[in-house]
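Taken together, the values in this text are just the output of simple stated rules run on the coordinates, not laboratory data. For clarity, every value in this text was computed on a predicted model and none was experimentally measured. Here the Cβ positions follow ideal geometry from the backbone for every residue, glycine too, while neighbour counts run over all protein chains shown.
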Amino acid sequence: MKYLYKFTPEIILLIYVLIFLGFKTPEKNWDRVINSDGKGYYAYLPAVFIYHDLQFKFVEQYEAQYYPPNRSVFKEFRNDAGTQKVNKYFPGMAILWLPFFLFGHLLAWLEVYPLDGYSLPYQYSIAISALLFLWLGARWLQKLLKEFGSDDRTSAFITLAITLGTNLIFFTVVEPSMTHVYSFALITGFALTIFKLFHEYQPKWFVKSLLLFTLIFLIRPTNLVILLLVPFIAGNREVLFKAIRQVIPDKKTLVRGSVQAALLLAVPVILWYLQTGKPFVYTYGDEKLNLFQPHMLNILFSFNRGWFIYTPIAFISIFGFAGLFAQNRNRFYWLMGFLVLFIYVASCWWVWYYASKCGQRVFIDIYVVVALLLVFLFKYVKTRTMKRLFSAILVLLISLNLLQFYQHATWIFPPYNINGAIYKSSFFSLTRKARTFISDESIAGKITLTNDMETDRGIPWMNAGTRNDTIFRQGRWSSKIGIINPYSVGLEDTLNTYFSTTNRVVLAKAWVLSPKETTEATLVVDYQSDGRSLSYNQFLLDKFVPADKWTRIEAAFYVPGDMPSTGMVKVYFYNPSPLYKLYIDDLAIDFISLKNEPDYRKLEGVFLPEKVY
């Protein structure tokens, strides 16, 4: 077993590779590796080495060629800086990715892919970089835990718990171009080199720790607060000042470390100057820290990505402070101070939930702290029975995290803001649900029209000829559609009689059955004027309707603000498939008048109207 403990990071890497192969499809335009914020971090590399364009005018080119045409995953990272554009992100990730970018460039040349920075070889190269840094972080973490007195088995188990029991797995596999797996590895490496510097002084540890600290800053400047970890790692004042006294007279080491740090720190200054003509620029525009408006309880306990809700191992680790207090009070105060400050600063960001998926992503950077707290907790638990119970709890939480990883990776948990109702609806589900959650407090009025398919209702209902009595959910009738009659029983009516405000939503609900798989069927909400479509909206059913099972479908669409008073709406299901039939029963349509307040004009999960050109 000791042999296996030694290779725990390699076992973890193998598991991650298998999960990547099972869940990630970079060939799909909606599932690229270089995505979301990663587009901004990465853009420096093709800008410098391929396009020679630090105004990033090539964005529209790669978006059109490699990403969905509806711009559903479009990411704008260019902010105005006077008459010029500036990339809002720091270039630390681009520095880390440079060798991987060059490797991707070589692969693209060898395999005759476009040498444009975004073809598949580049996408896979960035995926490889995330997996490599995951492995480095796991290896450094296991070494650090041993330095803090953990035995081989415990350090291996805690390393597994951190890598498989937290959302680190999501941001390595599903969103590998985000910063977090890299920051996790670098901060863990920094903690390890600082420990070495304090407890077995050699000049190389100072140089390495300064290099890692500089990279950590260039990737995410707010992570400068990790300086508070330095006294914690030292353990006491004597060890801290002894190391300082050893470093200061070593001029050669100081110069080496300072020169390498200065060269790295010069990179953003040079890039800012080339982009804007100014050496220092605040690149984030209106995005900022609101230090007098913290959201500490929300960032920890909210159903909307609260850290402890989605990563309960982190909550369990907090009890490790009891063991730390008993062992070393100096370390207790420094680590407690660091964690409180980190949570406070993170919660002050203008969007405190960080538009995150799979829990609160910003804390991934400091999972080395969670791991160390687990070590102190294991030491604090004295009896074998309690250790086994504690280990069993961690195993259960690892299993829960793997389940929730699956749920987030397959969009069972929606990508938008999550409340208690959504969390409850998604928690035990293994399939995606088409659900819309509109809070009662946002609604000024609602009118509902229903059709159970049992009779021909006449106007304003249409397509009564699709009614059939062969398959139905309840009663004796449903609407059957296919290639011959592709349009279901639906509604066609004027809009103005149903609403009391100008902030309007049409919510369609029905039960749907597909005897076999459905790949082409859609729910349609079509806004028209004078027989011409102004906004044609489709909700694809294929991800939500399993074969041979009656399934509840809901989808909501805002009414275009410029709809004329005589505007019409058509709501129906459409199935052009020559092979598969679709059955619809118990159709209900809600005409919802939302309050005319800014907070309700872009509700999560309610689709904005598509324009017809």
Inset, instruction - Just check region 337-412 against the gyration tensor rule for me: Cα atoms, a ≥ b ≥ c as the square roots of the eigenvalues, rounded for a/c under 1.5, and otherwise prolate or oblate depending on whether a/b exceeds b/c. - result: oblate
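With charges set only on the Cβ (+1 for Lys and Arg, -1 for Asp and Glu), what does the dipole of the chain come to about its Cα centre, in debye to the nearest 20? Mind dumping the intermediate values first?
Values: 61 positive and 44 negative charges, 543 e Å.
That gives a dipole near 2600 debye.
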Legend entry - Fully extended contour minus Cα-Cα distance, from ALA464 to SER391, at 0.36 nm per residue: 20.2 nm
Inset, instruction - Using only alpha carbon pairs under 8 Å that are at least six residues apart, calculate the relative contact order of region 299-342 and give it in whole percent. - result: 17 percent
Inset, instruction - Among PHE591, MET462, ILE484, flag the residue with its Cα farthest along the positive direction of the charge dipole of region 440-607, charges on Cβ as +1 for Lys/Arg and -1 for Asp/Glu. - result: ILE484
Legend entry - Computed over region 440-607: relative contact order in percent, which uses C-alpha pairs under 8 Å that are six or more apart: 36 percent
Legend entry - the chain - mean residue ellipticity at 222 nm from DSSP helices (-39,500 (n - 2.57) per run, n ≥ 4, rounded to 500): -14000 deg cm²/dmol
Legend entry - Coil-residue trypsin sites (Lys or Arg not before Pro) of region 217-325, DSSP, other Cβ within 10 Å capped at 13: LYS288
Legend entry - Likely footprinting exposure, SER155, SER209, SER479, fewest C-beta neighbours within 10 Å first: SER209, SER155, SER479
Legend entry - For HIS408, HIS52, HIS199, order by how many other beta-carbon atoms lie within 10 Å, fewest first: HIS52, HIS199, HIS408
Legend entry - Using alpha-carbon coordinates, inclination of helix 120-147 to the longest axis of the chain, degrees: 50 degrees
Inset, instruction - Can you tell me the 0 to 90 degree angle between the C-alpha axis of helix 180-199 and the longest principal axis of the chain, rounded to 10? - result: 10 degrees
Legend entry - Degrees, to the nearest 10: 367-380 long Cα axis against longest axis of the chain: 70 degrees
Legend entry - Ascending count of other beta-carbon atoms within 10 Å, so fewest first, for GLU27, GLU610, GLU147: GLU27, GLU147, GLU610
Legend entry - Eligible lysines near LYS480 by straight Cα distance, threshold 23 Å, same-chain separation 8 or greater: LYS433, LYS509, LYS516, LYS543, LYS549, LYS570, LYS581
Inset, instruction - Report the trypsin sites (Lys or Arg not before Pro) located in region 538-613 that are in a DSSP loop and have at most 16 other Cβ atoms inside 10 Å of their Cβ, or state none. - result: LYS543, LYS549, LYS595, ARG601, LYS602, LYS611
Inset, instruction - Once you have a ≥ b ≥ c as the square roots of the Cα gyration tensor eigenvalues for region 440-607, tell me rounded if a/c is under 1.5, and otherwise prolate or oblate according to whether a/b is larger than b/c. - result: prolate
Legend entry - the chain: relative contact order as a whole-number percent, Cα under 8 Å and 6+ apart: 12 percent
Legend entry - Eligible lysines near LYS146 by straight Cα distance, threshold 27 Å, same-chain separation 8 or greater: LYS2, LYS6, LYS196, LYS204, LYS208, LYS242, LYS379, LYS382, LYS387
Legend entry - Positive-end residue of TYR498, ALA555, ALA510, charge dipole of region 440-607 with Cβ unit charges: ALA510
Legend entry - Difference of contour (0.36 nm per residue) and Cα-Cα distance, ASP151 to LEU291: 46.3 nm
